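Report on the following structure.
Rule-based calculations on the coordinates, nothing more; no lab input. All of these numbers come straight from a predicted model, not from anything done at the bench. With ideal geometry, Cβ positions are generated from the backbone for all residues, glycine too; neighbour counts draw on all protein chains shown.
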Amino acid sequence: MVSSRGFGDGASPVRETLQAWAICVIPQAILTVLLLLSSQFGPLFGGVLGLFAPAPVIHAYLRGGRRAGWATLGLVFFVLVGLTGLSVGLKFLLLVAPLIVLISEGIRIRASVERVVLISLGPAVILAATALLLHWRGSGGALVELFRVETSVVLEGTARPGGDEGAELVARLLWRSLPAITFLNFLWVSLVNYMVIRWFWIRRGWQALFPAQDFSRWGMPERAVWPLIVFAASLLLPWEATFWVGWNGFILLLFGYFLQGIAVLHHFFNQRGVMVPIRVPVYLVSLLMPYFLAAAGFFDLWMDFRKIRVPSADQAYGGEER
């Protein structure tokens, strides 16, 4: 691996510094900028490509060390500002950069995937929650503007007068779901990039930073079913505040069971030796039926489809091999 000593260390040779930049910083920064700017290829294709934008910088951070990671982040920021303006650069600096740093640091200390993903969400979720609160209060200014891409469709739909009753009902429901949607957006980005980096490094024999985990055995904590029931029951109450809290909590827990459903599907694929060319289309089709996978994950609590149930405490079972 390339050492990070060449970044900012006067005792290191200039040649080593230039080599480190050429290997760790510049290519990863260019790839990240291209992925971030991929929206010009269309919202769907660009959205899929943009999902992987943090991965190159995380790779630079792990391979070259902290100095290489920070240098790559700085280079990406200045290039974005030069190409697209200050607002896009600030959005990257405030939302994506903290996520990259926390994922990289979590991997460096060999934390489990659950800890890495959840810790990495902290700064972005706090900023998003603050922006949404300020928007609801009719203020926020520049901070709200940072989240314009994530919220504009919903906000425009709720602000547009007229329209049929069904469209208005959907718009109101989406409005109430904004906190959960925002959280899940960041969670999905963090999880996907962690898995990409883990796959890439393990394929090249650099698995020392990643704890041995069998994701086909992953599951939600058993006690999570009780908050799910409470959140579902709160939807029947006549108060707006309880519906708002219950609805968003219900969505978040359903996403957890959706991931457990994917783990169940992955387990059966591994058990039957299904080849990757067959797995990928099935996974893609399954993503179009999230409630089916969430139901499979939920009923796995009782049916134990994978036959892996062991006495469990308060944590997710089966994720990390011991």
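Shape call for segment 212-322 from the C-alpha gyration tensor, a ≥ b ≥ c root eigenvalues: rounded (a/c under 1.5), prolate (a/b greater than b/c) or oblate? Can you show the working numbers first?
Working: a/c = 2.85, a/b = 1.59, b/c = 1.79.
It is oblate, given that a/c is not under 1.5 and a/b is not larger than b/c.
If I model a spin label at Phe200 and Ile181 as a point 7 Å from the Cα along the Cα→Cβ vector, what separation in nanometres do I get?
3.0
With contacts defined as alpha carbon pairs under 8 Å and 6 or more residues apart, what's the relative contact order of segment 176-322 in percent?
37
Run the paramagnetic zone check for Val282: 7 angstrom along Cα to Cβ, then residues of segment 231-259 with backbone nitrogen under 19 Å.
Counting backbone N atoms under 19 Å from the label point, the list is 258-259.
Roughly speaking, what is the stretch gain from Val81 to Val48, that is 0.36 nm per residue apart minus the C-alpha to C-alpha distance, in nm to one decimal?
9.6 nm
Amide H neighbours of Gln213 under 5 Å, counting only residues 5+ apart in sequence or on other chains, H built in-plane at 1.01 Å?
So Gln213 has HN proximity to Glu321.
Under a plain spin-label model, where a point goes 7 Å from the Cα along Cα-to-Cβ, how far apart in nm are Ser112 and Ala129?
It works out to 2.3 nm between the two label points.
In whole Å, how far is the Cα centre of segment 274-311 from that of segment 209-257?
17
Net charge near Leu228, counting Lys/Arg +1 and Asp/Glu -1 over other residues with Cβ under 14 Å of its Cβ?
Taking every other residue near Leu228 into account, the sum is -1.
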